[in-house]
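Here's a structure for you.
The values are calculated or read from the model by the stated rules, or taken from the named source; none is laboratory data. Please read all numbers here as calculations on a predicted model, not as lab measurements. Note that we place each Cβ from the backbone using ideal geometry, even for glycine, and neighbour counts take in every protein chain shown.
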Amino acid sequence: MKEGKISPTQLVFLLFLSRIFSVLEQTPSFGDSFSGATLLLSTLLSFVMQCILVIPMLLLFYRYQEQNILGCAFLASPILGKIAAWFFLLLFLLHLSGGYAIFSFFMTNIVYPKSSSFLIVLLLAAVCTACACYGLQGLARAGTVIFTLFILTTAFLSFAAADNADALNIHAIPGDGFSQIIESALNSTSKNTEFFAMLMLLPKIAKPQKKRACAFWFLTLTFLFIELTQFLILAVLGDFGMEQTFPYYALTTVIDFSIFQRLDSLHVTLWIFAAVFHCTLYSICISKCTAVLFPHKISRFTPLFSLAAGGGLGVFFAGNMQFLRQIKLSNSLFLTLVAAVFPLILFIILYRKEKRHAPQKGISAPAAHS
């Protein structure tokens, strides 16, 4: 394996663990009220939408195997490359600080109600910055172990919840259900911000021909986990469960297992691991942006920048969650423009650029250019 590369399976695990952070944090319908059947069908529709959105990205990376989205932008135009690098740097910084704030919000409301959000953000930022210093390969190796533990724990929680589940708690689709399914599917799709990380990291896998399998396995695993989680919450708690700020935590608090009593401690453990991988992954993406924007003597201080800027914004957002919600770090239209439309535009530009510079038929190319 070349230096700096990871296996497709490792990238799938990393993306999955990062994506699960937002699944455990809130439901795909946070702030909305949809019936259980509507949510389950909209999750399936969202999966189909995401499979379509990933196609332009795969087309671009299949043609330019070793380039990420920034490399392709620089091939199209150095100016466009600089703009794209700054854009993604700010985008990843917002998602990093938002992850810190959301983690702090959960911990100060559920686990340590009297603790300081500043201290929690600082501790998480320090851990994620240290993990990011080990690079993508170190995180990938750890991700394989944590993914295995995550799946085993999820299977155990599902088994424990099965005794409390009743399919009759899942309400049918209402009369205007089609529009609600579309709305909920768009909301669910918009939360998969790991598309942005894929634009940076998909070319880092050791087997370029596995990009398509890597992308679709990630989407499939995420879909199965979300669908299973929603089904259990709805079957155990009914539609009321999906209206909770932290529905997955609410599920674990009502499961009565004879050996461990409540299982909410397992949820908190999963939450912490998911938060670390989520924020560390975005810290690594930030370093990819600074590496192309600045010389090495400056970009080597990226971990300090991520710690200071990400942690500082995280503390601000933790104390002003309304600003974080108003910013809306992603929505379905924004995700489509960045993850699908932008790669498609780059693909067209680079393809036309190659056609213009290709030798015309019947005309011999000069010896100096052959």
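Please work out which one of (1) assigned to a loop (DSSP other than H, G, I, E, B); (2) without any contact (Cβ under 8 Å) to a residue 40 or more places away in the chain; (3) over 30 Å from Leu304 (Cβ atoms) is the condition Ser115 fails and give its number.
Every listed condition holds for Ser115 apart from (3).
May I ask you to list the residues in the stretch 98-130 that are surrounded by fewer than 20 Cβ atoms within 10 Å (Cβ to Cβ), among the small types (Gly, Ala, Ser) and closer than 22 Å to Phe13 by Cα?
Ala130
Another one. So Cys133 clears everything in (1) at pLDDT 85 or above; (2) surrounded by 18 or more Cβ atoms within 10 Å (Cβ to Cβ) except one condition, right? Which one?
For Cys133, the failing item is (2).
Looking at the stretch 214-241, I want the residues that are farther than 16 Å from Ala161 by Cβ and part of a helix (DSSP H, G or I) and have a partner that is modelled with pLDDT of 90 or more and acidic (Asp, Glu) with Cβ atoms under 9 Å, at least 6 apart or on another chain. Which pairs are those?
Phe218/Glu194; Thr222/Glu194
Looking at (1) at pLDDT 90 or above; (2) farther than 30 Å from Leu44 by Cβ, which is the only condition Phe223 fails?
(2)
Sticking with this structure for a sec: Working only within the stretch 7-37, note down all residues that are at pLDDT below 80 and hydroxyl-bearing (Ser, Thr, Tyr).
Correct list: Ser22, Thr27, Ser29, Ser33, Ser35.
Further question on the same structure: What number of residues within the stretch 296-308 are within 16 Å of Trp86 (Cβ to Cβ) and loosely packed, with under 15 Cβ neighbours inside 10 Å?
Going through the stretch 296-308 one residue at a time, the tally reaches 1.
Out of (1) farther than 30 Å from Leu59 by Cβ; (2) under 18 Å from the mean Cα position of the chain (by Cα), what's the single condition that is false for Val338?
Condition (1) is where Val338 drops out.
Oh, and also: Looking at Ala73 and the list (1) touching a Gly at 6+ places or on another chain (Cβ under 6 Å); (2) under 23 Å from Phe218 (Cα atoms); (3) of a type outside the set (Val, Ile, Thr), which single condition is not satisfied?
Single failed check for Ala73: (2).
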